[in-house]
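K.L.:
Sharing a structure, written as structure tokens. Questions coming.
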Protein chains: 4
Amino acid sequence: MPERTARGSEHRVRLGLVGAGRIGSFHAETIARRLPTADLAVVADPLADAARTLAGRLDAAWTAEPAEVFGADDVDGVVIAAPARAHADFVVVAAEAGKPVFCEKPMALSLPDADRAIAAAAVAGVPLQVGFQRRFAADFRAAREAIDAGSIGTPQLLRPITRDPGLADPGGVPPWTIFRETLIHDFDVLLWLNPGSPPVSVFAMADALVAPDFREGGLLDTAAAMIRFDNGAIANAEASFSAAYGYDVRAEVFGSGGMVTAGSHEVSAMRLYTSAGITQQTVRANTALFLDAYTAELAHFVECVRGDTTPSVTGADARAALAIALAAMESVDTGTAVTIEEIEARN
Amino acid sequence: MPERTARGSEHRVRLGLVGAGRIGSFHAETIARRLPTADLAVVADPLADAARTLAGRLDAAWTAEPAEVFGADDVDGVVIAAPARAHADFVVVAAEAGKPVFCEKPMALSLPDADRAIAAAAVAGVPLQVGFQRRFAADFRAAREAIDAGSIGTPQLLRPITRDPGLADPGGVPPWTIFRETLIHDFDVLLWLNPGSPPVSVFAMADALVAPDFREGGLLDTAAAMIRFDNGAIANAEASFSAAYGYDVRAEVFGSGGMVTAGSHEVSAMRLYTSAGITQQTVRANTALFLDAYTAELAHFVECVRGDTTPSVTGADARAALAIALAAMESVDTGTAVTIEEIEARN
Amino acid sequence: MPERTARGSEHRVRLGLVGAGRIGSFHAETIARRLPTADLAVVADPLADAARTLAGRLDAAWTAEPAEVFGADDVDGVVIAAPARAHADFVVVAAEAGKPVFCEKPMALSLPDADRAIAAAAVAGVPLQVGFQRRFAADFRAAREAIDAGSIGTPQLLRPITRDPGLADPGGVPPWTIFRETLIHDFDVLLWLNPGSPPVSVFAMADALVAPDFREGGLLDTAAAMIRFDNGAIANAEASFSAAYGYDVRAEVFGSGGMVTAGSHEVSAMRLYTSAGITQQTVRANTALFLDAYTAELAHFVECVRGDTTPSVTGADARAALAIALAAMESVDTGTAVTIEEIEARN
Amino acid sequence: MPERTARGSEHRVRLGLVGAGRIGSFHAETIARRLPTADLAVVADPLADAARTLAGRLDAAWTAEPAEVFGADDVDGVVIAAPARAHADFVVVAAEAGKPVFCEKPMALSLPDADRAIAAAAVAGVPLQVGFQRRFAADFRAAREAIDAGSIGTPQLLRPITRDPGLADPGGVPPWTIFRETLIHDFDVLLWLNPGSPPVSVFAMADALVAPDFREGGLLDTAAAMIRFDNGAIANAEASFSAAYGYDVRAEVFGSGGMVTAGSHEVSAMRLYTSAGITQQTVRANTALFLDAYTAELAHFVECVRGDTTPSVTGADARAALAIALAAMESVDTGTAVTIEEIEARN
């Protein structure tokens, strides 16, 4: 049989993962099992057991010290899936160590932190990609392409929503999570689907309707934000932490020449017709709803690590979405509309 | 052949119509052609030609004097489809003449006018029905039934929208039309689909994106309103005067136990599959989209005239939706959230 | 008040109904309540009680003698909704009496009977319309328009189906009902949606799967027929008498340039989202599924009676669909494909 | 950094591919890029250039001699994607060499060939899996699960279809391809979705409607088959080689208690609303429509090679679907219904 070239290790990218929680574990599986050109080199988590178990299952090394990942010679890039409050610092450390970084959203919880992270990556000259995976979903991508093609004219009314099926542990959810970690996806979608037009002002309402007992602790589980953009477009973003029917993420962009919608809840194209009517089964996990998108965003990161391209979702994108979230939070606190200008001035 | 009872004239209701414009003409056709137990007795419009032409086409009498309709002995009930600013006065006159009244929305443009109209009907003891026809649409009705049955739990997030395909004559549209005549439908839908919970406060944005040249004249063609209700529910209502793809009216009610949606844009269940993809044709006129609902609301009015039932959509409903519209208008003017309490206090 | 012309009786068409069963009663209501320009003059049924009750409810005269309807001076046209075996004779009598005739499908059970009926109407010069109401349904009409417009090219594969939700009284169903009374609709749809191309041969299978106990009595409740047309197109028509999920009537026409589909099962555009998934409610009665189509076909008949137009669904159409049904029945008996030519030669 | 276990080569399965044509190349990419636990070891094709190019692109060895793949020590299993006429022989040779075999459909073109292939695998004790990938599609799987759960009762009417968007080279298509290579998928779907009930008889029609110029050469591009099963169920399978609107594969199973449908044509959940209506984009390649299913079937084969499970789609399944195809072909030739018993007796 003719000789074959050994599958060259120079072709494979070795990724280190920081954070072995729910989304970290999922990213680990994506790297190990769904990306043909990447290897999961090492998993770090201060919870040593979590790191060890995950690494063991996927044939990777492990450590309880994130610093070891950033400093490892045999790691070509890092994926940060730690708790949100640690993101910015980890991005800085990774960048300073010269590692390309993929950081889960939100990249930072304040604009100064966002600026630090962005600057660190810029100074180090490493790619910095942020985890807004909806941009990689086929239907959201097709929506953007239709907008770019001029099929709907100028966006005028935008409606992104996120509805999560469950709130497993209301006690463990930090107060502003619905804006900083959930609606931040929708804010990014808005910026991405109304390209070139910066947000101007934000008015928001939020409440604890799902878990009212946790209201005192600051938990907000239901929220809506109205955003005005520079081109006059008005957006209504909306989120809930308790959709009984499954994971529901959608976007609708209405423009001067038409409308485009994205988002599907269905598990498959199967339909069941019985005396109860016609039934579709719904998706119950974001990792199921966005399986292909999560894989595609990490495949994109692998290409960035290799130097084949640069991140399509950047630190600047993370910062822009964060500014909207901060304005929305302040609007909830004050009951008034808040401008992005005010947020910038104050931060 | 056995004798048959003559089709008793005592069974038929004779209706007088005030207003021979677009919606008036449509109601006239419904009365004359789609309601088996009603006759169109007379049409009134100060534009004598309009009245004469419509009446001639439908075999009715006509007059240029609305007062003649209210005073006519052979008119059992009146349908008011005049310009909005005349509605309240006409309701008062009709009621004082002892005629049951169906009034197109908005029943009034101010709360005192609404109160006058309601009081006049109450004093006269005549039925007063208002033209929120969405309540008679099969899908909206089924949505309400699902809510009443507890299928979605307590409403938490509501999203009604109205998108009109065209703005034929931007110059002829009074400044606040989008709130007082268009979104007032959506506000009524909100009150109806979140039953028992009064609105608390309203924040709104509006702009002239479709016809910017008419902005100076006060025309607003794109608007959104966020409304908080007493039970914590948050609503986002939205309207545009220029949907390129057709007439688009929807409502979505998300609750603690599920979600219900209503609204369809399609002309029929026909689908066309070609190299361009799969295409559905869309509806382009509200009278086509709501043909059955418009017929059902007038059939209901006929029953009210006969005394078989009382109006399911009342003057009080019109007033409640108007209060939200007024709050939204003030919010646009001031840039702040406006409470219903303030609106009530000021009116 | 200005004088108005009395609503002229010369404008209204007086219809006589023969047959006060399920579909007859429904047609009676359509005539009396949904057709503005028609009156139900008289109802005839040998079951005097049925005739009396229906007529009483709708303010019509009644008789137990169909002949009285055909001979009545104050009847402008007759609607025949008697049992199928009586249709052809009634058409002949009505035509001979000079009455325009609307006849429910099947117009005849044999080709000679069909020919007699057609000839009688031709000789008398009266309009003869047959009750293939699908042709008046918005989606089926739109499908035909798309075909006429060339949007799908030449039809190559056609799939009409009928599924009835229930078989209330299997013992009362004549043996070949599924072909002669149910699939005959689908055969007509085929002829109408593959215009200009006659059927050539038919192969069919049928069985008693729903009510096997009635197999001995000849009841067939599940059937399929494959038909080849002169232009090469192949059709698969299919019917069942027991669809657990509701009334299901569809058609799909696949052509050289695309595909068009018609048919919907949904009660309304309402969708319910719960932990059980997304649910649509389904229609359970043909009179609900085709309410508008049944009204439109009788409105068309009224126009024919008035002489404003001629029937768009003729006795010749009924005969052509019957020939396919007869070929399918013979195919079930013989287990072989049967040509339309053989059917014609034998009849 | 803690030591990590090297990613064990004992965990990876080395596959050899025979056939570097369209579907072979696609399988090669699946193995190399979408299966984390498999490697593409070698590609064989008598067209040396095709083998070399494909292997080069995917870092595999290559050869023009299929026999070298079957005999290679470093190949753990083989994937046969050669022309259909060579399938059975290759299965035999592979099995005799002790290699687990995945064979594209059709596994054989005659029953004796199918029997030889099945026997060879049985004697050698190697797994033999056949490429009916629809069984691995999420919607088809969900349909089967619903049937197994009793949600639709006993199947009574089944409707599988395949419509291919294009016929690139009509001259190169062997005469019976539409039955042996296309509808064989649908026949397998029937056997799988009406489990436990063998087919009894088949009636089929076929024609050259897409490319009539090739009719003389025996090309059939449009076909339909009606199949009766032992439990009384009747199926209508249908195929075309030229769907203008894209790749269209569906199945509908109607049963005594309901109905289940599978199949979708859409590229994504994106919808575009314009003045032309509402548009969905359609899929144009089977490899796009069934990407996940093709990956899942090879993942299943990898598990079979490892001995973790046994094939869920067997040589016996291939033989059963082939028997229906042969009956359909004979039916087209004779114009009569053909029993499976006759086909068995004659082969």
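K.L.:
Is there a residue being in contact (Cβ under 8 Å) with a residue 12 or more places away in the chain, surrounded by fewer than 21 Cβ atoms within 10 Å (Cβ to Cβ) and in a loop (DSSP other than H, G, I, E, B) anywhere in the stretch A:313-326?
P.N.:
So far as the stretch A:313-326 goes, yes, one or more of its residues are in contact (Cβ under 8 Å) with a residue 12 or more places away in the chain, surrounded by fewer than 21 Cβ atoms within 10 Å (Cβ to Cβ) and in a loop (DSSP other than H, G, I, E, B).
K.L.:
With respect to the numbered conditions (1) under 30 Å from D:Ala251 (Cβ atoms); (2) surrounded by 24 or more Cβ atoms within 10 Å (Cβ to Cβ), which one is the sole condition not fulfilled by A:Phe187?
P.N.:
With (1) under 30 Å from D:Ala251 (Cβ atoms); (2) surrounded by 24 or more Cβ atoms within 10 Å (Cβ to Cβ) applied to A:Phe187, the lone miss is (1).
K.L.:
Something else: Tally time: how many residues in the stretch A:231-268 are assigned to a strand (DSSP E or B), under 23 Å from A:Ala327 (Cβ atoms) and either over 21 Å from the mean Cα position of the chain (by Cα) or at pLDDT below 95 (or both)?
P.N.:
Qualifying residue count, the stretch A:231-268: 2.
K.L.:
Right, here's the next one. Which condition does B:Leu58 not pass, out of (1) at the interface with chain C (Cβ under 10 Å from one of its Cβ atoms); (2) farther than 24 Å from B:His300 by Cα, if it passes all the others?
P.N.:
The single condition B:Leu58 does not satisfy is (2).
K.L.:
Could you list all residues from the stretch C:77-94 that are surrounded by fewer than 23 Cβ atoms within 10 Å (Cβ to Cβ) and not in a loop (DSSP other than H, G, I, E, B)?
P.N.:
Result: C:Ala84, C:Arg85, C:Ala86, C:Asp89, C:Val92, C:Val93.
K.L.:
Sort through D:Asp39, D:Asp49, D:Asp74, D:Asp115 and tell me the only one that's within 20 Å of D:Ala325 (Cβ to Cβ) and surrounded by fewer than 23 Cβ atoms within 10 Å (Cβ to Cβ). Break it down stepwise before answering.
P.N.:
Values: D:Asp39 fails: within 20 Å of D:Ala325 (Cβ to Cβ); D:Asp49 fails: within 20 Å of D:Ala325 (Cβ to Cβ); D:Asp74 fails: within 20 Å of D:Ala325 (Cβ to Cβ).
Among D:Asp39, D:Asp49, D:Asp74, D:Asp115, only D:Asp115 is within 20 Å of D:Ala325 (Cβ to Cβ) and surrounded by fewer than 23 Cβ atoms within 10 Å (Cβ to Cβ).
K.L.:
Here is a follow-up. For C:Leu40, are the conditions met, namely being out of contact with any Leu (no Cβ under 7 Å at 6 or more places or on another chain) and at pLDDT 95 or above?
P.N.:
Taking the combined requirement at face value, the residue does not satisfy it.
K.L.:
Here's a follow-up. Using the structure shown, decide if A:Arg228 is at pLDDT 95 or above and under 21 Å from the mean Cα position of the chain (by Cα).
P.N.:
no
K.L.:
Would you say C:Ile178 is of a type in the set (A, V, I, L, M), crowded, with 24+ Cβ neighbours inside 10 Å and more than 19 Å from the chain's Cα centre (by Cα)?
P.N.:
no
K.L.:
Would you check which residues across the stretch A:279-321 are in contact with a strand residue (DSSP E or B) (Cβ under 6 Å, 6 or more places away or on another chain) and closer than 30 Å to C:Thr282 by Cα and list them?
P.N.:
Passing the criteria: A:Thr279, A:Gln280, A:Gln281, A:Thr282.
K.L.:
Just checking, how many residues over the stretch A:40-55 are in contact with a Phe, Trp or Tyr (Cβ under 8 Å, 6 or more places away or on another chain) and either within 9 Å of chain D (Cβ to nearest Cβ) or of a type in the set (Lys, Arg) (or both)?
P.N.:
The total comes to 3.
K.L.:
From the residues in the stretch B:137-172 that are of a type in the set (Ser, Thr, Tyr) and out of contact with any Lys or Arg (no Cβ under 9 Å at 6 or more places or on another chain), which one is nearest to B:Ala237 (Cα to Cα)?
P.N.:
If we take residues in the stretch B:137-172 being of a type in the set (Ser, Thr, Tyr) and out of contact with any Lys or Arg (no Cβ under 9 Å at 6 or more places or on another chain), then B:Thr154 is nearest to B:Ala237 (Cα to Cα).
K.L.:
Now for a different question. Run C:Ala124 past the list (1) under 29 Å from C:Gly263 (Cα atoms); (2) touching a residue at least 24 places away in the same chain (Cβ under 8 Å) and report the number of the one that doesn't hold.
P.N.:
Condition (1) is where C:Ala124 drops out.
K.L.:
Related question: In the set B:Glu238, B:Glu252, which member is at the interface with another protein chain (Cβ under 7 Å from one of its Cβ atoms) and not basic (Lys, Arg)? Before you say what the answer is, go through the steps one by one.
P.N.:
On the way: B:Glu252 fails: at the interface with another protein chain (Cβ under 7 Å from one of its Cβ atoms).
Only one candidate qualifies: B:Glu238.
K.L.:
Another question, if that's okay. Among the residues of the stretch D:258-267, is there at least one that is within 14 Å of another protein chain (Cβ to nearest Cβ), free of Cβ contacts under 8 Å to residues at least 12 places away in the same chain and surrounded by 23 or more Cβ atoms within 10 Å (Cβ to Cβ)?
P.N.:
no
K.L.:
Regarding the stretch C:279-287, can at least one residue be identified that is in contact with a Leu (Cβ under 8 Å, 6 or more places away or on another chain) and either more than 7 Å from every other protein chain (Cβ to nearest Cβ) or among the aliphatic types (A, V, I, L, M) (or both)?
P.N.:
Yes, because at least one residue in the stretch C:279-287 is in contact with a Leu (Cβ under 8 Å, 6 or more places away or on another chain) and either more than 7 Å from every other protein chain (Cβ to nearest Cβ) or among the aliphatic types (A, V, I, L, M) (or both).
K.L.:
Considering only the stretch A:103-222, give the helices (runs of 4 or more DSSP H) lying wholly within it that have at least 3 residues that are at pLDDT 95 or above, closer than 30 Å to A:Val305 by Cα and in the same structural domain as A:Asp317 (by TED's automatic domain parsing). Break it down into steps so the answer makes sense when it comes.
P.N.:
On the way: elements: A:111-124, A:138-148, A:184-193.
Filter on the stretch A:103-222 gives A:138-148, A:184-193.
K.L.:
When the stretch C:22-37 is examined, which residues are found to be among the aliphatic types (A, V, I, L, M) and touching a Gly at 6+ places or on another chain (Cβ under 9 Å)?
P.N.:
Scanning the stretch C:22-37 gives a single hit, C:Ile23.
K.L.:
Let me ask something additional. Quick one: how many residues across the stretch B:12-36 are within 11 Å of chain C (Cβ to nearest Cβ), surrounded by 19 or more Cβ atoms within 10 Å (Cβ to Cβ), in contact with a strand residue (DSSP E or B) (Cβ under 7 Å, 6 or more places away or on another chain) and outside any strand (DSSP E or B)?
P.N.:
2
K.L.:
Can you name every residue in the stretch A:194-235 that is closer than 24 Å to A:Phe136 by Cβ and touching a strand residue (DSSP E or B) at 6+ places or on another chain (Cβ under 8 Å)?
P.N.:
A:Asn194, A:Ser197, A:Pro198, A:Pro199, A:Ala225, A:Ile227, A:Phe229, A:Ala233, A:Ala235
K.L.:
Follow-up question, since we're still on this one. Take the stretch B:269-286 and flag every residue that is in a strand (DSSP E or B) and within 24 Å of A:Leu157 (Cα to Cα).
P.N.:
B:Thr279, B:Gln280, B:Thr282, listed by residue number.
K.L.:
Do you know which residues across the stretch A:59-70 are part of a helix (DSSP H, G or I) and closer than 16 Å to A:Val13 by Cα?
P.N.:
A:Val69, A:Phe70
K.L.:
Residues to consider are A:Gly153, A:Gly166; find the one that is surrounded by fewer than 18 Cβ atoms within 10 Å (Cβ to Cβ) and at negative phi.
P.N.:
Values: A:Gly153 fails: at negative phi.
Going through A:Gly153, A:Gly166 in turn, just one is surrounded by fewer than 18 Cβ atoms within 10 Å (Cβ to Cβ) and at negative phi: A:Gly166.
The values are calculated or read from the model by the stated rules, or taken from the named source; none is laboratory data. Please read all numbers here as calculations on a predicted model, not as lab measurements. So basically every Cβ, Gly included, is an ideal-geometry build from the backbone, and we count neighbours across all protein chains shown.
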